[in-house]
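Quick notes on the structure that follows.
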Amino acid sequence: MTDHKEELKKAIKQKLRLNYGCTEQQASDAEMLKACAMVLRDIMAERGVQSRAQTAREEKRKVHYMSLEFLMGRSLMKNAFNLNLLEPLRAAVEELGFDAGRIFDMEPDAGLGNGGLGRLAACYLDSMTTLEIPATGYSICYELGIFKQKIVDGQQVELPDDWKNLGDAWLLPKPQETEEVHFGGKVRTRWDNGHLMVIHEDYTRVLAVPCDMEIAGYDTDHVNTLRLWDAKSPKPLDMKLFGQGQYLQAGEEQAMANVISKILYPEDNHYEGKSLRLKQQYFFVSATIQSITRQHIQTYGTLKNFHEKNVIQINDTHPALVIPELMRILIDDAGLSWGEAWHITTNAVAYTNHTVLAEALECWPQRLIELLLPRVWQIIQEIARRWQAQVAHFYHDDPEKVEKMAIIWDGTVRMANLCIAGGMAVNGVSALHSDILRHDVFRDACAMEPEKFKNVTNGIDHRRWLAQINPGLDKLIRELTGGDAYLTAPQKLRELETYAEDEAVLKRLERIKQENKENFARFAKRQQGVVLNTDAIFDVQVKRLHEYKRQLLNVLHIIGLYQYLQDHPQAEMVPHVFLFGAKAAPGYAVAKRIIQLINSLADEINHNPICKDKLQVVFLENYRVTLAEMLMPASEVSQQISTAGKEASGTGNMKFMMNGALTVGTLDGANVEMHEVLGDENIFLFGLKADEVARLAPNYDPALLYERDPLLRRVLDQLRHGFRDGVSYEDLFQRLVYGSGCPADQYLLLADFNAYCAAEQRMAQVYRDRKQWNQMSLRNIARSGIFAADRAIGQYADTIWHVPYKK
Ligand code: 26W
């Protein structure tokens, strides 16, 4: 420890001198933060070289995890923790005259993602590395990550997130490994010695420069890489030498490069066919495939065994162009036949689906692909033609099946069908979700190739989401389970259950939660000026704002509670704080209105004296990884209330559970597996099941419920008229009761309203019984081990990737 501390001090001082020309006395906080990052980066870079050399030497199969999003959050504490250097680093920073807490807190989140899908990729990188799987993550080095959210007059305002100002200290640019990506132009073919040569010309070039972020695993020397591609224009050496044509081309190349890696698309679960988004996807896909194939040839001298030594996991359909792009390289560049190339591709690519919402499924207009990617378009057409023949054969030319399963239809390219045709595996992210894929969304494809369709229930990095963020709980677990073994063996959490009747342990657990609540309250005061009632239940719903996640149902229940309190001002009531955090996609008007509604309701309730010490509502600004890290340990109730069948898995639900919060939820996504391990007695389930939703939806009439249920009617009337700030929510009311341009109450809030209120009531009743609550909380923590990402990655490795890993 002292050794490490002294070495770190020396290294940090040296960084400050070499990079900023200053001493530790002169250095700013920002310089100190960057120096610390660079010191850890050096350690990881060194180990990264070793890891890659070993992988090549032993000819190991590599995993390539491709995702348009990696929601990494902060890295300093995480890397120090994984490198077993957290305490020495803290001490070193302090001894150099800095407040370590303040330095760690300065680090911006690397917010290169929207929500669940992006955070999952980040958790999986940690696990793949810890399990010593040779793996690389690939994405885009967005200049601007997910927008920063400000609340102004109750409404969301988006601000740019220029994370690279400080965050780039983690990035190692590798200009010598630059790739060139081609857009537009024309394709010609020519016969050459009996070979069909494809000539692509007049294209626009964009350079892809890798910026690598090294990823340290826990308790291992193995290091993996997250490769982020930065777009640059190929700079003309001397503009004077160009004729007009080249001059214009250079301008075009510059313009294209300047926008491609500028910004992360902030839409979550909503597809928009923007040409810039397609450019991002192809830029990232082409650079990645070129880089992987180039390395493969360096090691093996051929691409013929590519699929034996590489597996490419694609995170939803966003990187689906890997399929035609790999085909292109195998055929045009390596000279393989279509059959050989198809064999390699369909044994190298695996696809994970993360959503069943129709509006999230990617369907690109054919002319966009045709214009932007002429050669790739030819290949997609040929894949589509052959696939169609296969489908027609299997289904005896049934035109309905042919249409449904087509890759190209009616001028659009359906990326999910492309992935099914070109992939070796298709998996959902929870048992229910995978069943819905098999029996509903992808039913016809599943009948053709049932072995292709798998399930891997999501998991979270329990080292970050428990050990690192909840030191009090971590300490208790170490004491009760015999040290830190649970960090690499999450199933050891089960042993906590032997203490379910131990009053002292239960009290300890309660105290830890209380301290975490007070910690969070201090943070909220500092950040937002709100004073949270830490004697109240912390009842939390944090996730992206989307109608299917039903934040509005939570609001309806709170309005009901508020009205009850007005009728019974003296009522004995378990004090309750409702916390919300959510970003709305900037173009999603309804979601933004719901944010405004939460703020109107908060304003009303927090100003009414009858609610004092009983009822409080707070909208937490700018929900992000770092805010989640502070909030999860302080949460007591986790709201997972999506319409059954709509949430593919959820991963927030697992983070809450691991930190001892109890779930109020529907049987949706991974809540199903949570219920399976917890039993009815340790979770508050309510509402329609997925099959009931499917049956009810066609003839559902929310107006009837509005007319016949007086309690619900009163709640909805209040919503309609609004609150003391005078803002009316007639629009949301209409949307729920009568529908406006869409089916009324599409997500069945009114159908589940009473069951939800009853579940909240059961929950509050149990909360009064401290012992029972603490026991339930303990069981939630104890049984959360299966939701560790290490388990999920083990399943990917066993059932899809077929790679060995550290057991
Ligand atoms: C093209 C626009 C777009 C952008 C993002 C469409 C779809 C997405 C993602 C697939 C949305 C997403 O993050 N899905 C979430 O993935 C998590 C990880 O598997 C699941 O836990 C969530 O249930 C799912 O909503």
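Taking a ≥ b ≥ c as the square roots of the eigenvalues of the Cα gyration tensor, the stretch 1-151 is oblate, since a/c reaches 1.5 or more and a/b is not larger than b/c.
Taking a quarter of the surface of the convex hull around the Cα atoms of the stretch 672-739, what do you get in nm²? Intermediate results must be reported in sequence, preceding the final value.
Values: hull surface 27.8 nm².
Result: 6.9 nm².
Sorting 554-567, 63-76, 33-46 by their mean Cβ neighbour count within 10 Å, with the most densely packed peptide first, gives 63-76, 33-46, 554-567. Taking the fewest neighbouring Cβ atoms within 10 Å as the starting point, the ordered list for F183, F306 is F183, F306. Here the label points at Y20 and R57, each 7 Å from Cα along the C-beta direction, are separated by 3.8 nm in the simple model.
Taking trypsin sites (Lys or Arg not before Pro) across the stretch 580-651, the ones in a DSSP loop with at most 16 further Cβ atoms lying within 10 angstrom of their Cβ are K612. Rounded to the nearest 0.05, the FRET efficiency derived from the C-beta distance between M573 and F394 at R0 = 41 Å is 0.10.
Whole-Å semi-axes of the stretch 387-541's equivalent ellipsoid, largest first, each the root of 5 times a Cα gyration tensor eigenvalue?
Working: eigenvalues 509, 92, 33 Å².
Working from the Cα gyration tensor, I get semi-axes of 50, 21, 13 Å.
Tally Lys/Arg at +1 and Asp/Glu at -1 over every other residue whose Cβ is under 13 Å from the Cβ of Y805; what's the total? Provide the component values of the computation, followed by the final result.
Numbers: positive: K60, R61, K62, R791, K806, K807; negative: E132, D790, D798.
Result for the local shell: +3.
Straight-distance candidates among the lysines for linking to K62, with alpha-carbon spacing under 21 Å and chain neighbours fewer than 8 residues away dropped: K174, K304, K309, K452, K454, K806, K807. For the chain, the ratio of Cα radius of gyration to the globular rule of thumb 2.2 N^0.38 Å stands at 0.97. In terms of other Cβ atoms within 10 Å, F580, F684 run from fewest to most in the order F684, F580. When each of H568, H433, H296 is scored by the number of other beta-carbon atoms lying within 10 Å, the sequence from fewest to most is H568, H296, H433.
Among residues other than L561 with Cβ under 15 Å from its Cβ, the summed charge is -2 (Lys and Arg +1, Asp and Glu -1).
From largest to smallest, what semi-axes in whole angstrom does the stretch 571-637 give when each is the square root of 5 times an eigenvalue of its alpha carbon gyration tensor?
Working: eigenvalues 113, 63, 12 Å².
So the three semi-axes of the stretch 571-637 are 24, 18, 8 Å.
The helix-only estimate of mean residue ellipticity at 222 nm for the chain, built from DSSP H runs of length n ≥ 4 each weighted as -39500 (n - 2.57), is -14500 deg cm²/dmol after division by the residue total.
Cα centroids of the stretch 325-398 and the stretch 677-718: 42 Å apart.
Convex hull volume of the Cα atoms of the stretch 1-46, normalised per residue: 71 Å³. For the stretch 196-339, the calculated P(r) over all alpha carbon pairs, in 5 Å bins from 0 to the bin holding the longest distance, is 2, 7, 13, 17, 18, 17, 13, 8, 3, 1, 0, 0 percent. Summing charges over all other residues whose Cβ lies under 9 Å from the Cβ of H222, with Lys and Arg as +1 and Asp and Glu as -1, gives 0. Note on D153 and R478: with the Förster distance fixed at 60 Å, the Cβ-Cβ geometry gives a FRET efficiency of about 0.80.
Each reported figure results from applying straightforward, stated rules to the coordinates on display, with no laboratory input. Computed from a predicted model, the values in this text were never measured in an experiment. Note that we place each Cβ from the backbone using ideal geometry, even for glycine, and neighbour counts take in every protein chain shown.
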